[in-house]
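**Q** I have a structure I would like to understand better, so I am pasting it below and will then ask my questions one at a time.
The values are calculated or read from the model by the stated rules, or taken from the named source; none is laboratory data. Since this is a predicted model, take the numbers as computed values, not measurements. Please note: Cβ atoms are built from the backbone with ideal geometry, for glycine as well, and neighbour counts cover all protein chains shown.
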Amino acid sequence: MATMVTSTKSVTKKGTGSGAKFPGPNGKKPGGNGWHGDDGSRRKFSPARYRITMWVVLAAVIMMFAALSSVYIMSVHGEQRVAMPHMFFASTGIILFSSWTLSRAKRSLQLEQSRRYVNWLLVTLALGLAFLSSQLIGWKELKDAGVYFVGQPHSSFFYFFTAVHGAHLLGGIFLLVFLLIKSSMNILKPETEKRNAWAAVVALYWHAMGAIWVWLFLLLLVLK
Amino acid sequence: MSETHEGVHRHPAPTGFIRKYIFSLDHKVIGIQYIILALAAVLVGMIMSLLMRLQLSWPGTNWPILETFFPTGAPGGLMTPEFYLSLVTMHGTIMVFFVLTTAPQGGFGNYFLPIQIGAEDMAFPVLNMMSFWVTFVGFIVILFAIVVEGNQSIGQWFAALGPSFVGGSGTVGPIGGWTGYAPLSALGKVAGPGQGAGMNFWVISIAIFCVGSLLGALNFITTLLNMRTKGMSLMRMPLTCWAWFTTAVLALLSFPVLLGGGILLLLDRVAGTSFFIPGGLYVSGLLSGSNPNFPLHTGGSPILWQHLFWFFGHPEVYIAILPGMGATSHILATFARKPVFGYRAMVFAIFAIGLLGFFVWGHHMFISGMSPYSAVAFSILTLSIGVPSAVKTFNWLGTLWGSRIRFTTAMLFALGFVSLFVAGGISGLILGQSSLDLAMHDTYIVTGHFHLVMGVASIFGMFAALYFWFPKMFGRFLGEGLGKFHFWITFIGVYCIFMPMHIMGIAGMPRRYSQFTEYEFLKGLHPLVVFVSVAAIITIATQFVFYFNVIWSVFKGKKAGDNPWEATTLEWNTATPPPHDNFAGILPTVYRGPYEFAVPGAPRDFIMQAEADSEVPGGNGHNGHKH
C-alpha cells in the first residue's frame with residue numbers, strides 16, 4: 001500500500017499497471033491464448049479450443065473411472081475369484097491395434113493422402129465395432145461361467161466396467177463416423193485446419209479410451 | 001477490419017421469441033435463465049425451511065393447509081417425522097444443487113465471464129444452452145421426487161419403469177438427507193418410508209445435474225483459456241474470473257465422482273447389485289435374502305458411498321462459495337475505490353482453497369469409524385485451509401483499510417459476506433478437529449456452521465453480485481432503498497437464526513430430529529428454538545421484499561448508464577444492457593490490471609482496463625502500482 005501513496009518515481013515512469021506489459025500477455029505475443037494472430041486480427045477457427053476441450057473432457061472421464069476403480073479396489077476381498085474371460089484378452093489386443101490404425105490415419109492426413117486417411121479410419125471403425133462385439137461375447141462367457149451382474153460387487157464390476165467403458169467407446173465410434181462424414185464432404189478440397197483439429201481430438205479421445213480399457217483390464221486381471 | 005467484424009458475429013442475433021428467450025445460445029440469456037431457476041428453487045427451499053421451523057418451535061400444531069397439499073405426509077394437519085425428514089432432505093438438495101451451484105456459477109459466471117475477458121460469447125454456445133436445459137430437467141425430476149410419494153395417483157405415473165418406481169407410500173419425498181447415506185438409500189422400499197420411488201428420482205436428478213454441471217464447466221474452462229481478448233493476460237483478469245475458473249475446475253473433477261457413485265447407487269436400488277450393501281443386513285424386521293421383498297445382498301461397503309459422496313461434497317462447498325469470494329473481492333475494490341490488496345495472493349489463495357478442497361473430504365466422516373491416523377491427516381489438511389482463507393480475509397480487510405467506502409447495497413452485501421464467512425469459518429476450525437467433531441458431529445453446531453459459511457455467505461455473495469450487476473443486466477438499478485432494508489433485516493436475521501444453533505449444538509441438540517420437546521435435557525433450550533423460528537419467519541418474509549424489488553426494478557427501476565459504479569472492468573465498457581455479441585463487433589483491448597483505482601497522478605480515481613495510456617485524461621502521468 002505504501003508504494004501506492006508515497007511513490008513519486010513510478011508516477012513518471014511509462015507503464016501500464018499490473019500484469020504483464022502490453023503488448024502481449026505472458027510477455028510473448030499478443031493474445032497468447034491461441035485465438036489471435038500476431039497482428040491481433042481475429043481468426044475464425046482456433047484448433048487450441050478443440051484441444052483444450054478434449055483434454056478437459058478426458059479429465060472428467062478419467063476422474064469418473066478413477067472413482068469407480070477405487071470402489072472396485074475397496075470392494076475386492078478375495079472371497080470370490082472370477083476367471084478373466086478369454087474374449088477380454090482378445091478385445092484388449094483389438095483396441096490396442098485400433099489405436100495404431102488410427103495413428104496411421106492421422107499420419108496419412110498429415111501427408112495429405114485423403115484416400116488412405118479414409119481407409120485407415122474405416123479400419124479403425126471396424127476394429128472399434130469388433131471390440132464392442134468381443135466385449136459382448138465376453139459377457140456371454142461370464143454368464144456361462146456363472147458370473148452374473150447381480151451378486152458380489154466383484155462380479156458386478158466385470159459387467160459394469162465393460163458397460164461404462166463401452167458406452168464411452170460408443171461415443172468414440174460416433175466421432176469416427178463424424179470424421180468419415182466430414183472427410184467425404186470435402187475429400188476434393190484441400191486439407192482444412194478444422195478437419196485436422198477434429199482428427200487430432202478424436203484420435204486423442206480414442207487413445208484415451210484404449211488406455212482406460214487397458215487399465216480396467218489389468219485391474220480386473222491382477223486384483224482379485 | 002472487415003474480417004474482425006466477421007469473426008465476431010459467429011451467430012447472428014436471433015429474432016424469434018423461442019430462439020431469443022427460451023432455447024437461446026446467448027450466454028447472457030442463459031445466465032439469466034440460471035438466475036431465474038435459482039430464484040424459483042430458492043423459493044421452494046425457503047418454504048421448506050419455514051415449515052421445518054414451524055414444526056420445531058410449535059410441534060403438535062394443526063396446519064390444515066399441510067393436509068390439503070400432503071394428505072399422507074401430514075394427516076390431520078400434523079407433520080409426521082418422515083415428512084419432516086423429507087423436508088430436511090429436499091431443502092438441502094435443492095439449496096445446494098439448484099441454488100448454490102446454479103446461480104453463482106451458471107448464472108453470474110455465464111453472464112459476466114465472457115464479457116469480463118472480452119469475448120463475444122462462450123466457446124460452445126450450443127453446449128451452454130444444453131447445460132442449462134439439462135439442469136432444468138434435473139430440477140423437474142427433483143420436484144417429482146417430492147410429489148411421487150405423497151400422492152397415490154402421481155405415484156402410478158412411472159410404474160412402467162419398474163416396481164421400484166411406484167410411489168404413493170405416504171411421505172413426501174426421500175428422507176435420506178442431502179447426503180443419501182447407504183445402505184438405507186441403496187435398498188429401496190424395504191428400508192422404510194421415504195426410501196422408495198422418491199429416492200430413485202432423487203438419485204436420477206442428481207445424476208442429471210452432474211451432467212449439466214460438467215457441460216457448463218467444460219465451457220467455462222475452454223472459454224477462459226482460449227477466448228481472452230488482446231492484452232487480457234491471466235494476471236489481468238478480474239478476481240471474479242479466477243473464482244469462476246477455479247470453480248469450473250472443481251466441478252469438472254468432482255462431479256464425475258458423484259455421477260459414478262450415483263450410477264452405482266441407482267443400480268443397487270433398481271438392478272439388485274450390492275455395491276454399497278453389505279451382507280447379512282437386517283432391516284425393517286427382515287434379513288437380507290429371507291424374503292422376496294428383500295433379496296440377498298452381499299459384499300458391498302456402505303462407507304464407500306460416503307467416500308464418493310464427500311469426495312464430491314467437499315469441493316462442492318467451494319463450488320458454492322468461491323464465486324461469492326470473487327464477487328466480493330470485485331465489489332469491495334470498486335466501492336472502497338482502492339485496488340484489491342494483494343491481487344496475486346488472492347489468486348493463489350483461490351487456487352490453494354480449491355486444491356486443498358480435494359484432500360479434506362474425510363472430515364465429514366470422522367464418526368464413520370475411520371482410522372484415527374487418517375482422521376489426524378484429514379484434520380491437519382482441513383485446518384490448513386484456514387491459511388488461504390485467512391489470506392483472503394485479511395486482504396479484504398486490507399482493501400477496506402483507510403478507504404472511503406461508498407455504502408451501496410451491493411457493498412453492504414459484500415461486507416456481509418466477509419462477516420459471515422469469518423463467523424462461520426471460525427467454527428470450522430473447531431469442527432475440523434476430529435477429537436472435537438466426534439462429540440459435536442450430529443448436533444446443531446454443524447448446522448449453524450455450514451449455513452453461515454457456505455449457505456448464507458454464498459447467498460450474500462449472490463445478492464451482492466445481483467445488486468452490483470443488475471444495472472448492467474437490465475439497464476436499471478435494483479432499488480437501493482428497499483435493498484438496504486433487505487440487507488439489514490437479512491443480515492441481522494441470519495445471525496439471529498444461526499448463532500443460537502451453535503449454542504444448541506454444544507448443549508447437545510441433535511440434528512434432523514423433528515421434535516425436541518420430548519427430551520428433558522433440551523427443554524431449557526425451547527425458548528431459543530422459538531427465537532430462531534421467529535427470526536427465520538421475519539428473515540424469510542423480508543425476502544419477498546427482495547423478490548418484489550427485483551420484479552419492480554426490471555420494469556420501473558431508476559435508469560442506469562454504461563458505467564454507473566465508476567468501475568474498471570470490461571463489462572462496464574460496453575453498452576447497458578450489452579448487445580448480442582457483447583461489444584458491438586469490436587472487441588476491446590486491455591491495457592492494464594483490473595483494479596486501477598486511486599492511481600497516483602491520474603486525474604480520475606479509476607482507470608478502466610480498456611483505456612490506453614494515451615486515452616487516460618491528463619496524459620501519461622500515471623502508473624500502476626504493484627499488486
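**Q** So B:PRO193 passes all but one of these: (1) within 26 Å of B:GLY313 (Cβ to Cβ); (2) under 27 Å from the mean Cα position of the chain (by Cα). Which condition number does it fail?
**A** Of (1) within 26 Å of B:GLY313 (Cβ to Cβ); (2) under 27 Å from the mean Cα position of the chain (by Cα), only one is false for B:PRO193: (2).
**Q** Restricting attention to segment B:245-303, report how many residues are closer than 25 Å to B:GLY212 by Cα and either of a type outside the set (A, V, I, L, M, F, W, C) or touching a His at 6+ places or on another chain (Cβ under 6 Å) (or both).
**A** So the answer is 9.
**Q** Further question on the same structure: Any chance you could count how many residues in segment B:577-592 are under 16 Å from B:LEU113 (Cα atoms) and in contact with a helix residue (DSSP H, G or I) (Cβ under 7 Å, 6 or more places away or on another chain)?
**A** Counting residues in segment B:577-592 that are under 16 Å from B:LEU113 (Cα atoms) and in contact with a helix residue (DSSP H, G or I) (Cβ under 7 Å, 6 or more places away or on another chain) gives 7.
**Q** Let me ask you something else. Hey, any hits in segment B:333-346 for a residue that's among the polar types (S, T, N, Q), surrounded by 21 or more Cβ atoms within 10 Å (Cβ to Cβ) and either assigned by TED's automatic domain parsing to the domain that holds B:PHE245 or in contact (Cβ under 8 Å) with a residue 12 or more places away in the chain (or both)?
**A** Filtering segment B:333-346 down to residues among the polar types (S, T, N, Q) leaves B:334.
Now narrow it down to the ones that are surrounded by 21 or more Cβ atoms within 10 Å (Cβ to Cβ): B:334.
Restricting the remaining residues to those that are either assigned by TED's automatic domain parsing to the domain that holds B:PHE245 or in contact (Cβ under 8 Å) with a residue 12 or more places away in the chain (or both) gives B:334.
The answer is yes; a qualifying residue exists.
**Q** If B:MET501 satisfies all but one of (1) surrounded by fewer than 22 Cβ atoms within 10 Å (Cβ to Cβ); (2) within 18 Å of B:LEU51 (Cβ to Cβ), what's the number of the condition it fails?
**A** B:MET501 satisfies all of (1) surrounded by fewer than 22 Cβ atoms within 10 Å (Cβ to Cβ); (2) within 18 Å of B:LEU51 (Cβ to Cβ) except (1).
**Q** Is it the case that some residue within segment B:113-124 is touching a Gly at 6+ places or on another chain (Cβ under 8 Å), not assigned by TED's automatic domain parsing to the domain that holds B:VAL534 and not small (Gly, Ala, Ser)?
**A** Initial filter on segment B:113-124 (touching a Gly at 6+ places or on another chain (Cβ under 8 Å)): none.
There is no residue in segment B:113-124 that is touching a Gly at 6+ places or on another chain (Cβ under 8 Å), not assigned by TED's automatic domain parsing to the domain that holds B:VAL534 and not small (Gly, Ala, Ser).
**Q** Here's something else I'd like to know. Just wondering, is there one or more residues in segment B:181-190 that are among the β-branched types (Val, Ile, Thr) and either more than 14 Å from chain A (Cβ to nearest Cβ) or under 20 Å from B:HIS307 (Cβ atoms) (or both)? Break it down stepwise before answering.
**A** First pass over segment B:181-190, keeping only residues among the β-branched types (Val, Ile, Thr): B:190.
Then drop every residue that is not either more than 14 Å from chain A (Cβ to nearest Cβ) or under 20 Å from B:HIS307 (Cβ atoms) (or both), which leaves B:190.
Looking for residues that are among the β-branched types (Val, Ile, Thr) and either more than 14 Å from chain A (Cβ to nearest Cβ) or under 20 Å from B:HIS307 (Cβ atoms) (or both), one finds at least one in segment B:181-190, hence yes.
**Q** Within segment B:450-467, identify whether any single residue is over 23 Å from the mean Cα position of the chain (by Cα) and touching a residue at least 12 places away in the same chain (Cβ under 8 Å), and answer yes or no. Steps first, answer last, please.
**A** Looking only at segment B:450-467, we keep the residues that are over 23 Å from the mean Cα position of the chain (by Cα), and these are none.
Within segment B:450-467, none of the residues are over 23 Å from the mean Cα position of the chain (by Cα) and touching a residue at least 12 places away in the same chain (Cβ under 8 Å).
**Q** Restricting attention to segment B:162-173, does a residue exist that is within 14 Å of chain A (Cβ to nearest Cβ), buried (at least 22 other Cβ atoms within 10 Å of the Cβ), out of contact with any strand residue (DSSP E or B) (no Cβ under 9 Å at 6 or more places or on another chain) and touching a residue at least 24 places away in the same chain (Cβ under 8 Å)?
**A** Looking through segment B:162-173, none of the residues is within 14 Å of chain A (Cβ to nearest Cβ), buried (at least 22 other Cβ atoms within 10 Å of the Cβ), out of contact with any strand residue (DSSP E or B) (no Cβ under 9 Å at 6 or more places or on another chain) and touching a residue at least 24 places away in the same chain (Cβ under 8 Å).
**Q** Give the residue, chosen from B:HIS449, B:HIS526, that is buried (at least 21 other Cβ atoms within 10 Å of the Cβ), at negative phi and in a helix (DSSP H, G or I).
**A** Numbers: B:HIS526 fails: buried (at least 21 other Cβ atoms within 10 Å of the Cβ).
Exactly one of B:HIS449, B:HIS526 is buried (at least 21 other Cβ atoms within 10 Å of the Cβ), at negative phi and in a helix (DSSP H, G or I), namely B:HIS449.
**Q** For A:TRP100, are the conditions met, namely being closer than 21 Å to A:LEU176 by Cβ and within 11 Å of chain B (Cβ to nearest Cβ)?
**A** Values: closer than 21 Å to A:LEU176 by Cβ: yes; within 11 Å of chain B (Cβ to nearest Cβ): no.
No.
**Q** Can you find a residue that is modelled with pLDDT of 95 or more and part of a helix (DSSP H, G or I) anywhere in segment B:433-441?
**A** No, segment B:433-441 has no match at all.
**Q** Please give the number of the condition B:PHE413 fails out of (1) surrounded by 18 or more Cβ atoms within 10 Å (Cβ to Cβ); (2) closer than 25 Å to B:TRP361 by Cβ; (3) of a type in the set (A, V, I, L, M, F, W, C).
**A** Unmet condition: (2).
**Q** For segment A:52-71, what are the residues that are surrounded by fewer than 18 Cβ atoms within 10 Å (Cβ to Cβ), in contact (Cβ under 8 Å) with a residue 60 or more places away in the chain and over 22 Å from A:TYR159 (Cα atoms)? Spell out the reasoning first.
**A** First pass over segment A:52-71, keeping only residues surrounded by fewer than 18 Cβ atoms within 10 Å (Cβ to Cβ): A:55, A:59, A:62, A:66, A:70.
The next check asks that each one be in contact (Cβ under 8 Å) with a residue 60 or more places away in the chain; those that pass are A:55, A:62.
A:TRP55, the sole residue that qualifies.
**Q** While we're looking at this one, here's another question. Given the criteria touching a strand residue (DSSP E or B) at 6+ places or on another chain (Cβ under 6 Å) and within 14 Å of another protein chain (Cβ to nearest Cβ), does B:THR568 qualify?
**A** On the way: touching a strand residue (DSSP E or B) at 6+ places or on another chain (Cβ under 6 Å): yes; within 14 Å of another protein chain (Cβ to nearest Cβ): yes.
Against the criterion (touching a strand residue (DSSP E or B) at 6+ places or on another chain (Cβ under 6 Å) and within 14 Å of another protein chain (Cβ to nearest Cβ)), B:THR568 qualifies.
Matching residues to (1) aromatic (Phe, Trp, Tyr); (2) modelled with pLDDT of 95 or more:
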| site | (1), (2) |
| --- | --- |
| B:VAL347 | no, yes |
| B:LEU355 | no, yes |
| B:PRO372 | no, no |
| B:ILE380 | no, yes |
| B:VAL387 | no, yes |
| B:TRP396 | yes, yes |
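**Q** Let me ask something else about it. Over 30 Å from B:ALA352 (Cβ atoms), facing chain A (nearest Cβ under 8 Å) and touching a Ser or Thr at 6+ places or on another chain (Cβ under 6 Å): is that true of B:SER274 in this structure?
**A** Yes.
**Q** Determine whether segment B:172-194 contains at least one residue that is under 24 Å from B:TYR34 (Cβ atoms) and not aromatic (Phe, Trp, Tyr).
**A** At the first step, the residues of segment B:172-194 found to be under 24 Å from B:TYR34 (Cβ atoms) are B:173, B:178.
Pick out the ones that are also not aromatic (Phe, Trp, Tyr) and you get B:173.
So far as segment B:172-194 goes, yes, one or more of its residues are under 24 Å from B:TYR34 (Cβ atoms) and not aromatic (Phe, Trp, Tyr).
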